[in-house]
1. Normalised by the residues of region 88-174, what does the relative contact order come to in percent, with Cα pairs under 8 Å and at least six apart?
2. Using alpha-carbon pairs under 8 Å, 6+ residues apart, how would you state the relative contact order of the chain in percent?
3. Among Ser102, Phe75, Thr179, whose Cα sits farthest toward the positive end of the charge dipole of the chain (+1 at Cβ of Lys/Arg, -1 at Cβ of Asp/Glu, about the Cα centre)?
4. Please state the charge dipole magnitude for the chain, taken about the Cα centre, from unit charges on C-beta atoms (+1 on K and R, -1 on D and E), reported in debye and rounded to the nearest 20.
5. Going by average Cβ neighbours within 10 Å, how do the peptides 172-181, 147-156, 110-119 rank, with the highest at the top?
6. Over 29 Å between C-alpha atoms is what I'm after, so list which of Lys43/Lys154; Lys43/Lys78; Lys17/Lys43; Lys55/Lys136; Lys45/Lys124; Lys92/Lys131 land there.
7. What is the distance in Å between the Cα centres of region 96-129 and region 40-81?
8. Residue by residue through region 97-108, which ³J(HN,Hα) values in whole Hz follow from phi under the Karplus form 6.51 cos²θ - 1.76 cosθ + 1.60 (θ = phi - 60°), with glycine and proline marked x?
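What follows is calculated from the coordinates using simple rules that are stated; it is not laboratory data. Every value quoted in this text rests on a predicted model; they were computed, and no experiment measured them. Because the Cβ atoms are built from the backbone with ideal geometry, glycine has one as well, and the counts that use them run over all protein chains shown.
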Amino acid sequence: MYRWSFGRGDFVKKAVKYTGIVAVMIAGLFLSLYFNNAIGTPKAKIEKDARISHKIDSSWQVAKSTTDAMSAMLFYDKDSSNYIFSIYENRKGLSFGYFFRSGGSTNTENEGITEYRAEGRQEKAYLSMNKQQVAKIEIDNGNTVEIIDIDHTKPFAIVLPVGSGAIKIYDKDGSVLPTIPQAL
């Protein structure tokens, strides 16, 4: 007759073995997600990632706005003669951060207020070097009017939800300004 014995030493060896196998599988899953670009950049590190990716000098200022779904940044030098924008999105589904969507300098931000919207997204990003001296953005949802004050002397970036209401952008004299729509 065969007696089955399971000593304490055997248990520890098997536990270590199986724990090691599980750790290797988790590391493999993480590496697979990382190399398939499914991890993303954490919200707190988006600006740093954009500065590194675009080789933006640390002396440049940034105007930025970030929601749970989108981040828009407008980097500019001290005299506002040069700029670079960068837009990141938090992908739907299984994603663990923000992913670069678009960037560069299209000159529309210098000419007016550029309105960026990615197909299928519920947010719009508004970017401008603010040559028009935008002073406020008004969001009227039919019940209430929300006012976002803007420093009319500085560039700005703001992300707003689509469908949040009628959006009007005013200069410092109270005139309504148009936007320049751009698809991402």
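1. Here the relative contact order equals 25 percent.
2. This gives 17 percent for the chain.
3. Selected residue: Ser102.
4. 1480
5. Averaged packing, sorted descending, gives the order 110-119, 147-156, 172-181.
6. Over 29 Å Cα-Cα: Lys17/Lys43; Lys55/Lys136; Lys92/Lys131.
7. Taking the Cα centre of each part, region 96-129 and region 40-81 sit 12 Å apart.
8. Whole-Hz 3J(HN,Hα) from phi for region 97-108: x, 9, 10, 4, 10, 7, x, x, 8, 8, 6, 5.
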